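Heads up, the thing below is written out as structure tokens.
The values are calculated or read from the model by the stated rules, or taken from the named source; none is laboratory data. What you see is a predicted model, and the numbers here were worked out from it, not measured in a lab. Neighbour counts run over all protein chains shown; Cβ positions are idealised from the backbone, glycine included.
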Amino acid sequence: MRVKEMHPLCCITLESPSIGDQSPEPRMKLSRSCSVADMRSDGNAVGLRRSGSESCSGSTSFAGVLYKWTNYGKGWRSRWFLLRNGVISYSKILQPETLAAGEDVRFIGDVSSGRLKRLDRSGSSRHQKAVGIVHLKVSSFRESRSDDRRFYIFTATKTLHLRTNSKKDRVAWIESLASTRNLFTLRRLNSKPSILPPDLSLSTERLKKRLLEEGISEVLIKDCEQIMLLEFSEIKGQVQLLCEERSNLLDTLRQLEAANIEGETSGVPEGDYQLTQQEFTDRGKYSEWSTTESSQELEDQGSEDEETCFFDTKDCFSFPRATDVMGEVVIERRKKLPDPCEKEKGVSLWSLIKDNVGKDLTRVCLPVYFNEPISSLQKCFEDLEYSYLLDRAYEHGNSLERVLNVAAFAVSGYASSEGRHCKPFNPLLGETYEADYPEKGVRFFSEKVSHHPTLIACHSQGRGWKFWGDSNIRTKFWGRSIQLDPVGVLTLEFDDGEVFQWSKVTTSIYNLILGKVYCDHHGLMHIRGNREYSCKLKFKEQSILERNPRQVHGFVEDANGKKLATLFGKWDDSMYYINGITNAKPKDMSDAHLLWRRTLPPVNLTRYNLTSFAITLNELTPGLQEKLPPTDSRLRPDQRHLENGEYDMANSEKLRLETRQRMSRKLQENGWKPRWFKKEGEDGTYRYVGGYWEEREDGKWEGCPNIFGEFSNDSINIS
């Protein structure tokens, strides 16, 4: 039974208890339309002032208008958001029939009647289905650190970038999300499974005391105690094994989801939802339901009349700054390379190698046969294929788990080298590469900043972390093998200030003349932290009689040098850790915890043996070419011809560009400077100075030359 008494400003509702309500008494609700002016002056109110001591509860719904980032073409668009029962839904216009009479809805921001009337020229609202829904129970959110009007809602596979009209409105939305989220009994995202508490133990003191009171001898009591402890130890071991199997299974499910995320979130039939459920591991991930706006709906929006929207969005806000998480545009990426246009011709290896033994590989003119269709700039981004390890490390905070995940990430960058026998293209001076992967929450940029010595600088950013460095690879022929010695330091910085630095180990490629070509990584990797933890990893060099190659073994140490955990595994397969110290892989794997496992290789393998991730690096997705600067590696003609299997044209273009490249040293000596990076001191690393993504948004690349175009010896200019 429900009785209503209407008032110009208020609606008082007397209703019987809802299903599941433990209280037998009727409840009285007070709902009211309001604007920003109705908010409490201290900015802490989530919606309306309420009488008495009544506070926010899950029965209260919140609604209002927010700006949502859609894509590069549309920018920021206004959406009507409704938070109800832990579910956030958003649509292009208000859905009046979804707000039931008497429902306790708290409006955030200006939703005055005058503005609502602009929904439709006819004076009545058009009904549209929600373009997206997010279940708050399996999501997280945070405020932007650089914009006091912006905040984010994270799911496992997408990020909603939202912006309010004022700082006070953002405070209101954040508190409404927090008040709803607090209704759910959730463990911390980085906590261990609740079925196995860390202090799982058995105490027999009470039992011993009771048996002594009954006059049982101490010898018999001790025998019974030993039997109990033995039985408990066996049960505890079984529980631990089950928990670890569960954790490994969830890790595998997570990797499978990550490998197929494009197919799951690309394209939604108009008016329908695309729902994807996935449970991530207990090390920082969670299950979720997610939806995306369909491309058709975005196109329809472009034709909407301005008056059908709540706000005029001509003053589109700037694209998310470099300090924020990347855009939420889902792109369907390719699964294989284009089919070759020509039949590839063989090459005499000995005729090329015999005159170049001991020389620097970068100074040797090699045909395109020895290249793979990506550049060294793009190769740098391959190290971030498993960037979820850094996301997980960020969630753990300053802890042992963080440095363990960082160590696994440092090893995971080598997994893509398995079966990769071709060298990447050597970039031209001033060549750049950008990678924006919103499905991974990662944005990356690299530039060749020096020709002699050859230096590549990169800068990447994800959810709560930044990663940068510059690298130089010294390469030499040794007849039957090639040795690659990396020079440079990689730096990882988390938003809470913790920093890790390390350098890569030596890579060797064997059997260039006879036998099966293979590569090996060997040496010591020292991951130094600026706080309590550091890590040392030994990449074992493979010998001729090695039965178990590609081994990695190491320890995590605290500031006093005490070893706290042992890491072991293979750089091409997986990494594990156990608490404590061991000098070999333990026989009982029930005590080992999986940190990382390599993603399975693609079905459509080519002679380049590119991973599924690497196949996407040189792809020109729809609409991308028009936004790239003329220096981007994707526009390099010899590399593009090789990818398409046009080998004669690829060789011709490679020779032309290498002729141009030989003039780069003279340009550098005449004062050429990189555009997007600057060296810190005489012996420092190159750091990203900013500005690239801002110019990309404006679509103006003034000062960026067409380095892949035609040239003459007198007119070449890369400045």
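Details
- So ASN371, is it polar (S, T, N, Q), surrounded by fewer than 24 Cβ atoms within 10 Å (Cβ to Cβ) and either within 24 Å of ASP632 (Cβ to Cβ) or modelled with pLDDT of 95 or more (or both): yes
- Taking the listed residues PRO586, PRO637, PRO622, the one that is assigned by TED's automatic domain parsing to the domain that holds SER446, at pLDDT below 95 and farther than 30 Å from ARG528 by Cα is PRO622, with no other qualifying.
- Within the range 385-407, tally of residues that are surrounded by 24 or more Cβ atoms within 10 Å (Cβ to Cβ), over 15 Å from the mean Cα position of the chain (by Cα) and small (Gly, Ala, Ser): 1
- Looking only at the range 572-624, and only at residues there that are under 30 Å from VAL330 (Cα atoms) and among the aromatic types (Phe, Trp, Tyr), the one that is farthest from the chain's Cα centre (by Cα): TYR608
Every residue, every condition in (1) without any contact (Cβ under 8 Å) to a residue 40 or more places away in the chain; (2) outside the structural domain of ARG402 (by TED's automatic domain parsing); (3) not in a strand (DSSP E or B), yes or no:
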site	(1), (2), (3)
THR507	no, no, no
ILE513	no, no, yes
CYS519	no, no, no
GLY523	yes, no, no
ARG528	yes, no, no
GLU532	no, no, yes
LEU537	no, no, no
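- Residues located in the range 413-455, provided they are in contact with a Cys (Cβ under 6 Å, 6 or more places away or on another chain) and either aliphatic (A, V, I, L, M) or surrounded by fewer than 22 Cβ atoms within 10 Å (Cβ to Cβ) (or both): SER417
- Unmet criterion (only one of (1) farther than 20 Å from CYS380 by Cβ; (2) of a type in the set (Ser, Thr, Tyr); (3) at pLDDT 90 or above) for TYR518: (3)
- Residues that are of a type outside the set (Ser, Thr, Tyr), out of contact with any Lys or Arg (no Cβ under 8 Å at 6 or more places or on another chain) and in a helix (DSSP H, G or I), drawn from the range 654-666: LYS654, LEU655, ARG656, GLU658, ARG660, GLN661, ARG665, LYS666
- Filtering the range 581-622 to residues that are among the small types (Gly, Ala, Ser) and in contact with a helix residue (DSSP H, G or I) (Cβ under 9 Å, 6 or more places away or on another chain) leaves SER590, ALA592, SER612, ALA614.
- Residues of the range 534-574 that turn out to be over 23 Å from ARG402 (Cβ atoms) and touching a helix residue (DSSP H, G or I) at 6+ places or on another chain (Cβ under 6 Å), as a count: 1
- Selection count where residues are within 16 Å of GLU431 (Cβ to Cβ) and among the hydroxyl-bearing types (Ser, Thr, Tyr), scope the range 620-645: 2
- Members of the range 598-610 that are of a type outside the set (Lys, Arg) and either part of a helix (DSSP H, G or I) or surrounded by fewer than 22 Cβ atoms within 10 Å (Cβ to Cβ) (or both): THR599, LEU600, PRO601, PRO602, VAL603, ASN604, LEU605, THR606, TYR608, ASN609
Listed here are the residues, each with its yes/no results for (1) within 30 Å of the chain's Cα centre (by Cα); (2) in a loop (DSSP other than H, G, I, E, B).
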| position | (1), (2) |
| --- | --- |
| PRO630 | yes, yes |
| ALA650 | no, no |
| GLN668 | no, no |
| LYS673 | no, yes |
| LYS678 | yes, no |
| GLY684 | yes, yes |
| TRP693 | yes, no |
| GLU710 | no, yes |
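- Test: SER247 is outside the structural domain of HIS135 (by TED's automatic domain parsing), modelled with pLDDT under 80 and part of a helix (DSSP H, G or I): yes
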